[in-house]
Structures are given as C-alpha cells and as structure tokens.
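Trainee: Take a look at this one; I'll ask things after.
Values in this text are rule-based calculations from the coordinates and carry no lab data. Model, not experiment: these values are computed from the prediction. Because the Cβ atoms are built from the backbone with ideal geometry, glycine has one as well, and the counts that use them run over all protein chains shown.
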Ligand code: ATP
C-alpha cells in the first residue's frame, strides 16, 4: 500500500512548469529516490510534499488524507519530516538543542516563537533532552553532544539535520541531497546511516545526485526531466532504460 500518493501534480512558476502532470506512489517502508538533471523539479517536489508550496493542479495524499494545502508545521505533526539541500541549522544553538528543536515541532505552533527566544525552556525538558541525545548517538554524533553547532564540520552537520528530522518521529522522511558536498568517507557514512534509518521501517524519499549512492540503496527510483516523469523502477530497470540513458546518464 502507498503511504504517499501523488496524483496529476503540477507546479507552475510564471511560465515555467517546474512539475508537470506527475503521478506516482511511495510504498511504506521503502527507500524511494528521485533523480534528474539540475532544474528537473526535485526540490520543488519536496517543497510541494512538505507544504512549502501549494500545487497549481493535482493532489498529494498521505495515506488517504489530502495534504496538498496543509502548512509545513502541521505536516510535521502528521508525520512528514525533511532535511534541506542547503543546511538549515540554528548556528547559535548547541548540536543537542538543534535536535531538541525537532521534537518540539509536536508542540502547538503558538509556543514555538517563545521557545526560540528562550532556549532554556528547551534545555529544561529532560525527556526531550534524553531523546535528542539518543538520536545523536544513533546518527554517530555522540561526541558532539555539547558542541556548538557552528563549530561542527559540514559532514557532521548533515547528519545532525537527519537527527533533527528524526526527532519529530516522522512516518515519511524526505532527504534533500544528504551527500552533497561530502567527501567519499562522509558519503559512505551517510549511505550507512540512510540504510540504518530504513532498517527501522521508516519510509524514505531521497533526492540525490550521487548515482552510486542512489543505485546502491534505493528500492524504487523516479526519474524527472523538465518536471515530468521520464521513468520509474528499480535501480536495474533505471540503469537499462534507454530514455534515461539518452536524457540523463549521457549514453
Ligand atoms: P537541482 O538539482 O539543481 O537542485 P531541482 O531538480 O531540485 O534542481 P528545482 O529547484 O525544483 O530543480 O527547480 C525546477 C524549476 O523550477 C527550475 O527551472 C527552477 O528555476 C524553477 N523554480 C524553482 N523554484 C522556483 C521559484 N520559487 N520561483 C520561480 N521558479 C522556480
């Protein structure tokens, strides 16, 4: 059964169709990757699924619920969490506090501004702190528990973002280019971490340019080209698809 279903989705910016008449489903407990050249519409798709944009046409269904016009903080409570292509870390907080922020997405949004002004409130919540520490260990960042976020290496911050997204206890985790800017050792760590998260039963949607990573871990791959579905299938099917080879893999 599909956890997420996209039906006839389009997003138009001015005259540009960033997403065009796109339909597909994501089965629960799978790693579903989205690939395509720069400008193919991958991040726009994530922004539509997470409520940053509303569709021009079409529907997004989480199980049977239409989430097309739901605000991002509400979607987080419904179980949709994400990381970002460009890191969205609070640099003036500690690593642990950044992860704790993820848990507080479950709070009423009216409390969030106050919480941001008074990080002491976050620090005082023992259960939240323990869970955040557990997640930092899960992503391999136990040695950074008390570190200031702005003192951490880039590769560690990419994993910190994943810990923060997991802190909201999502049902669907969207990872936007988790390996971008990482060296081969850090990429291998991210590869292992994504597989570790998947082994908990999490449904993962992955946008990534690193083809070795994508081909190695994906249950299903969707190929976008100019906002449209060019192909979808297993890594093997995508590797051998003549349209993909011609349009994307460059022969
Ligand atoms: P990349 O791999 O470079 O991140 P992408 O596949 O994520 O690319 P998008 O960023 O989704 O592609 O962009 C798809 C198209 O939509 C591009 O032509 C882009 O210029 C356009 N676009 C995206 N966001 C906006 C916006 N807010 N306003 C206008 N055009 C936009």
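Trainee: In whole angstrom, and with the biggest value first, how far do the Cα coordinates of the chain range along each principal axis?
Mentor: So the extents along the principal axes, rounded to whole Å, are 55, 39, 34.
Trainee: What number, rounded to the nearest 500 deg cm²/dmol, is the helix-based mean residue ellipticity at 222 nm of the chain, given -39500 (n - 2.57) per DSSP H run of at least four residues and division by all its residues?
Mentor: Helices in the chain give a 222 nm mean residue ellipticity of -10500 deg cm²/dmol.
Trainee: Related question: When you count, for each residue, the other Cβ atoms within 10 Å and take the mean per peptide, how do 34-46, 64-76 rank with the highest first?
Mentor: 34-46, 64-76
Trainee: Using a/c under 1.5 as the rounded threshold, could you call the stretch 142-251 rounded, prolate or oblate? The axes a ≥ b ≥ c are square roots of the C-alpha gyration tensor eigenvalues, and prolate needs a/b larger than b/c, oblate otherwise.
Mentor: prolate
Trainee: Once label points are set 7 Å from the Cα along Cα→Cβ at both residue 150 and residue 73, what is their separation, rounded to one decimal in nm?
Mentor: 2.5 nm
Trainee: Taking the DSSP beta bridges in the chain as the whole, what percent of them are antiparallel, to the nearest 5?
Mentor: 55 percent
Trainee: What is the spin-label model distance, in nm, from residue 64 to residue 195 if the labels are put 7 Å beyond Cα along the C-beta direction?
Mentor: Those two pseudo-labels are separated by 3.8 nm.
Trainee: Moving on. Can you work out the FRET efficiency for the pair residue 137 and residue 1, with r the C-beta to C-beta distance and R0 = 30 Å, to the nearest 0.05?
Mentor: For residue 137 and residue 1, the calculated efficiency is 0.40.
Trainee: For residue 92 and residue 126, what is the calculated FRET efficiency with R₀ set at 25 Å and r taken between the beta-carbons, to the nearest 0.05?
Mentor: On the way: r = 23 Å, r/R0 = 0.91.
Taking R0 as 25 Å, the efficiency between residue 92 and residue 126 is 0.65.
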